[in-house]
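J.: Quick one: this structure, given as structure tokens, is what I'll be asking you about.
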Amino acid sequence: MIRNDDIEISSKHLVLRVVAFAAFFVLAVTFITMGVTRMGKQEPGLRDITAPADDALPLYQLGVSFRYEFTGSSAEIKVAQETLTGVYTTAMKDSYRLLDPVHTYETGSNLASLNQNPGQIVTVSPELYAILRDAEAKTQAGEGYNLFAGALYGQWELLRYALEPGLSDPLTEPDMAARMQRLREATSDLTNFSLEFLDDEACTVRFTVDASYLALLTELELPELPVLDLGVLRDAYRLEYLARRLAEQGYDKGYLSAESGVSLALAGYEGGELCLFGPTDRGAVSAATCPLTPGRRASLMRAFPLDEEEPGYYALELDGKTFLRHPYLPADGTYRELVSAALAVSDETALPDLCLLTLQAFSCDSRADLPAPAAADDLAVIFRDEPTVVYTAGSRIQPNADYGFTAAPLF
């Protein structure tokens, strides 16, 4: 047993301990301060600009990415990033409301305003007026897109995101096949719809739907689905809108992209590359690339997911064949099995036109039906029966030999 009065404390050692503790304390404070300072330091270069969540618009910031290149001092970059985030957030909210086909807002008329007021004259913004004119012209051209196919797209959306989509697929479920056939036929009949542009200056339009079509939606228990919907081209129109808004505020050194596959470089940005993904036994890989230069736009569509966790894709095995389901549904509501992936690139063509070009590739039954790109556009296609060959029209998209992909002329 040790007694307290047997312990002798050295005053010399006590002083050394106090000095050592003080030294370690100073070093700790110094390192913590340096860490905090470094955490707050803003380095020049590319940064993600993220719009904050908003309970009033819970989905507005999803599906779109924006990266911007900053220069200057740490303090200047911090202020610039905060300012740009505010500009971007406002534009994201405005574009989401404008192109929403289901909900109306107090901020002004949108797609939902037309869906909810059939037969009535609606005044829209110049931006929406121009979008509707362009989308309606693409619909009337009959080249793979239909502005009035919102209910048809919506029915497929319900299928693709189901827990077990294969059980309800039209190929395996006769009742669903009959249901989809009726919906396809009615939607393909453009006499069921009318979108009138009454005054270009006042931006007034009138959307009309035949009563028999609305009755069909009610019978199929789909009355809540919108008829007028930008569908596959929605993100393409949205990114063009965002780019204009950013340019108006003097921001041009970044790029926008969407999960749907469209991307757009602002006029002052150069760097990185665009990628055409191809399917392999190891999963999706980079099959071909293209430099991302100022103003360059691109549309990528693929029939396969990037990984097993990506929602909205599924494969169906039937009679020894594999049928792929994906977001890029042709206007007639029928999936084709010709093309595995397609990438369209241009420095001049508007993004919705490039998106339509890739959608047309996904609408083909044979290679002879493939659309020829304009002189300013490049198009690359991977066919399902030749998964390692990148067929190209133009020279900007180059196959990735490191993954075993080779090139061949598309036409």
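J.: Once phi is turned into ³J(HN,Hα) by the Karplus curve 6.51 cos²θ - 1.76 cosθ + 1.60 with θ = phi - 60°, what whole-Hz value does each residue of region 349-360 show in order, with x for glycine and proline?
T.: Those phi angles translate into 6, 5, 4, x, 5, 5, 4, 5, 4, 5, 5, 5 Hz.
J.: Treat region 189-296 as a sphere of radius equal to its Kirkwood radius over Cα pairs and apply Stokes-Einstein at 4 °C in a medium of 1.567 mPa s; give the translational diffusion coefficient in µm²/s, rounded to a whole number.
T.: Rounded, D is 73 µm²/s.
J.: Calculate I(q)/I(0) for region 266-411 by the Debye formula, one identical point scatterer on each C-alpha and no solvent, and give its log10 at q = 0.11 Å⁻¹ to two decimals.
T.: -0.39
J.: Using a simple charge model, +1 on the beta-carbon of Lys and Arg, -1 on the beta-carbon of Asp and Glu, nothing else, what dipole does the chain show about its Cα centre, in debye to the nearest 20?
T.: It works out to roughly 1320 debye.
J.: Tell me which aspartates and glutamates have Cα within less than 12 Å of Lys78's Cα, excluding those fewer than 8 residues away on the same chain?
T.: Filter leaves Glu43.
J.: Could you state the accessible area per residue of the chain in Å², with a 1.4 Å probe and every protein chain left in place?
T.: It amounts to 51 Å² per residue over the chain.
J.: Let me ask something additional. Which of the GluC sites (Glu not before Pro) across region 62-127 are loop residues per DSSP, with 16 or fewer other Cβ within 10 Å? Working shown, then result.
T.: Details: sites: Glu69, Glu76, Glu82, Glu106, Glu127; in loops: Glu106.
Taking region 62-127 and a limit of 16 other Cβ atoms within 10 Å, the loop GluC sites (Glu not before Pro) found are Glu106.
J.: Per q in 0.13, 0.15, 0.18, 0.26 Å⁻¹, report the Debye log10 I(q)/I(0) for region 244-321, using one uniform scatterer on each alpha carbon and no solvent.
T.: -0.53, -0.65, -0.82, -1.22
J.: Cα gyration tensor of region 54-129, axes a ≥ b ≥ c as square roots of the eigenvalues: rounded (a/c below 1.5), prolate (a/b > b/c) or oblate? If you can, show how the numbers build up before the last one.
T.: Values: a/c = 3.55, a/b = 2.74, b/c = 1.29.
Verdict is prolate for region 54-129.
J.: Starting from region 215-296, pick out the GluC sites (Glu not before Pro) whose DSSP state is loop and whose Cβ has at most 16 other Cβ atoms within 10 Å. Could the numbers behind the result be given before it?
T.: Details: sites: Glu219, Glu221, Glu224, Glu240, Glu248, Glu259, Glu270, Glu273; in loops: Glu221, Glu224, Glu259, Glu270.
For GluC sites (Glu not before Pro) across region 215-296 that sit outside H, G, I, E and B with at most 16 neighbouring Cβ atoms in 10 Å, the list reads Glu221, Glu224, Glu259, Glu270.
J.: Pull up the cross-link candidates among the aspartates and glutamates for Lys253, meaning alpha carbon to alpha carbon under 12 Å and not fewer than 8 places away within one chain.
T.: Within the straight-line cut-off, Lys253 pairs with Glu69, Glu270.
J.: Give me the percent of DSSP beta bridges within the chain that run antiparallel, rounded to the nearest 5. Let's see the in-between values first.
T.: On the way: 56 of 60 bridges.
Restricted to the chain, the bridges split so that about 95 percent are antiparallel.
J.: May I ask for the longest run of the chain untouched by trypsin sites (Lys or Arg not before Pro) that are loop-located per DSSP and have at most 13 neighbouring C-beta atoms (other than their own) within 10 Å?
T.: Looking at the chain, 42-281 is the longest stretch - no exposed trypsin sites (Lys or Arg not before Pro) with at most 13 other Cβ atoms within 10 Å.
J.: For region 69-224, what class follows from the C-alpha gyration tensor (a ≥ b ≥ c being the square roots of its eigenvalues): rounded when a/c is under 1.5, otherwise prolate if a/b is larger than b/c, else oblate?
T.: The shape class here is oblate.
J.: If all Cα-Cα distances of region 331-381 are sorted into 10 Å bins from 0 onward, what percent lands in each bin, rounded to whole numbers?
T.: 26, 55, 18, 0
J.: Give me the distance in nm between label points sitting 7 Å out from Cα along the Cα-to-Cβ direction at Ile121 and Ala350, one decimal.
T.: Label at Ile121, label at Ala350, 2.5 nm between them.
J.: Given R₀ = 25 Å, what would the calculated FRET efficiency be for Leu318 paired with Glu157, taking r from the Cβ atoms and rounding to 0.05?
T.: Values: r = 22 Å, r/R0 = 0.87.
So the FRET efficiency works out to roughly 0.70.
J.: Continuing with the same structure: Quote the FRET efficiency, to the nearest 0.05, computed for Phe411 versus Val79 with a Förster distance R0 of 41 Å and r equal to the Cβ-Cβ distance. Each step should come with its number before you reach the end.
T.: Working: r = 51 Å, r/R0 = 1.25.
Plugging the Cβ-Cβ distance into 1/(1 + (r/R0)^6) gives 0.20.
J.: Please pull out the direction-averaged projected area of region 92-136, using the convex hull of its alpha-carbon atoms, in nm² to one decimal place. The partial results should precede the final answer.
T.: Values: hull surface 12.7 nm².
Mean projected area of the Cα convex hull: 3.2 nm².
The values are calculated or read from the model by the stated rules, or taken from the named source; none is laboratory data. Quick caveat: nothing in here was measured; it's all calculated off a predicted structure. Because the Cβ atoms are built from the backbone with ideal geometry, glycine has one as well, and the counts that use them run over all protein chains shown. Quick note on the areas: whole protein, heavy atoms, side chains included, nothing else; ligands and nucleic acids left out. Shrake-Rupley method; radii C 1.70, N 1.55, O 1.52, S 1.80 Å.
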